[in-house]
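Enquirer: Structure provided below as structure tokens; questions to follow.
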Amino acid sequence: MNVFDFTLFEKGGPVMWLLLLLSMIGLILFIERTLFLHRSQIRSTEFVSGIKNILRKRRLVEALTVCEETPGPVASVVKAGLLHHEDDEQKLRFAIQEAALVEIPAMERRIGSIAAIAHVAPLLGLLGTVLGLINAFHLLQTEGAYAHAGVLAGGVWQALLTTAAGLAIAAPAYLAQHFLYGRVRALVHDMEWVGNEMMQFLLKDLRGELKVGTGEAGSSELKS
């Protein structure tokens, strides 16, 4: 028996169409989120090192341009730090944290929808099961003494197929949700590391170099 035979799909009843639509939506959301998070992932260590080298040459505008051209939340956090490089530690920390908080909802967007699909799919399967049993008992009552296994087969098929389809959709959806949240946690970890690294560089290393090497003139060059 071919499991993917369309006749089996038809035996599942109208709920199977809802489950099919749900599975397609979940697949589209997963592909979109995976591509989005993949584009957002950069080599943070190399990126920060490049920004530091540019800043040591007093090229703030060039560093900001690099941040704007680089996709992902890490570049946004670095850009926020550069825009507030002359502020005190408290204001600088607040600016970096605010930039990170703005990026997190964008990274988590639509993952909740995939989690909802993982929860709803078994419920729709259960609905199909109940409808199939109702149909089977209705036929049993209608046929009365003439009822036989063939009369009940349609309802039993619907009950079994919808349950199987609901579970088959829910399991990958759960895995997709955990996978995507794992990617988000990795990006958040990168943002935290980059934020701390840039704060230390802007507050200590860069300002120390400016005071020792160029004094106030160096600060005005950095502004330009």
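The values are calculated or read from the model by the stated rules, or taken from the named source; none is laboratory data. Quick caveat: nothing in here was measured; it's all calculated off a predicted structure. FYI the Cβ positions are ideal-geometry reconstructions off the backbone, even for glycines, and counts take in every protein chain you see.
Enquirer: Report yes if Val61 is loosely packed, with under 14 Cβ neighbours inside 10 Å and among the β-branched types (Val, Ile, Thr), otherwise no.
Expert: yes
Enquirer: Would you check if Phe137 is modelled with pLDDT under 90, among the aromatic types (Phe, Trp, Tyr) and within 27 Å of Leu20 (Cα to Cα)? Before the answer, list the steps.
Expert: Numbers: modelled with pLDDT under 90: yes; among the aromatic types (Phe, Trp, Tyr): yes; within 27 Å of Leu20 (Cα to Cα): yes.
Taking the combined requirement at face value, the residue satisfies it.
Enquirer: Search the range 92-138 for residues being among the β-branched types (Val, Ile, Thr) and in contact with a Lys or Arg (Cβ under 9 Å, 6 or more places away or on another chain), and hand back the single one that is farthest from Arg185 (Cα to Cα).
Expert: Applying the first criterion (among the β-branched types (Val, Ile, Thr)) to the range 92-138 yields 96, 102, 104, 111, 114, 117, 120, 129-130, 134.
With in contact with a Lys or Arg (Cβ under 9 Å, 6 or more places away or on another chain) added as a condition, the list becomes 111, 114.
Values: Ile111: 13, Ile114: 17 Å.
That would be Ile114.
Enquirer: So, one more: Being outside any helix (DSSP H, G or I) and in contact with a helix residue (DSSP H, G or I) (Cβ under 8 Å, 6 or more places away or on another chain): is that true of Arg93 here?
Expert: No.
Enquirer: Moving on to the next point. So is Leu37 part of a helix (DSSP H, G or I), more than 16 Å from the chain's Cα centre (by Cα) and under 21 Å from Tyr174 (Cβ atoms) or not?
Expert: No; evaluated as a whole, the condition is false for this residue.
Enquirer: Take the residues in the range 2-20 that are of a type in the set (Val, Ile, Thr) and either crowded, with 19+ Cβ neighbours inside 10 Å or assigned to a helix (DSSP H, G or I) (or both); name whichever of them is modelled with the highest pLDDT.
Expert: The qualifying residue modelled with the highest pLDDT is Val15.
Enquirer: Same structure, new question: Please work out which one of (1) in contact with a Phe, Trp or Tyr (Cβ under 8 Å, 6 or more places away or on another chain); (2) free of Cβ contacts under 8 Å to residues at least 60 places away in the same chain; (3) of a type in the set (Gly, Ala, Ser) is the condition Ala159 fails and give its number.
Expert: Against the list (1) in contact with a Phe, Trp or Tyr (Cβ under 8 Å, 6 or more places away or on another chain); (2) free of Cβ contacts under 8 Å to residues at least 60 places away in the same chain; (3) of a type in the set (Gly, Ala, Ser), Ala159 comes up short only on (1).
Enquirer: Do you know which of the residues in the range 71-87 that are outside any helix (DSSP H, G or I) and over 18 Å from Met107 (Cα atoms) is modelled with the highest pLDDT?
Expert: Per the stated criteria, the residue is His84.
Enquirer: At pLDDT below 85 and either buried (at least 16 other Cβ atoms within 10 Å of the Cβ) or among the hydrophobic types (A, V, I, L, M, F, W, C) (or both): does that describe Phe36?
Expert: Spelling it out, it is not the case that Phe36 is at pLDDT below 85 and either buried (at least 16 other Cβ atoms within 10 Å of the Cβ) or among the hydrophobic types (A, V, I, L, M, F, W, C) (or both).
Enquirer: Give the residue, chosen from Leu152, Leu180, Leu222, Leu161, that is part of a helix (DSSP H, G or I), at pLDDT below 70, in contact with a Lys or Arg (Cβ under 7 Å, 6 or more places away or on another chain) and of a type in the set (A, V, I, L, M, F, W, C).
Expert: After applying the criteria, what remains is Leu222.
Enquirer: Still on this model: Can you tell me which residues in the range 84-99 are surrounded by 15 or more Cβ atoms within 10 Å (Cβ to Cβ) and over 23 Å from the mean Cα position of the chain (by Cα)? It would help to see each step written out before you state the result.
Expert: First, pick out the residues of the range 84-99 that are surrounded by 15 or more Cβ atoms within 10 Å (Cβ to Cβ): 84-85, 87, 92-93, 95-97, 99.
His84, His85, Asp87, Leu92, Arg93, Ala95, listed by residue number.
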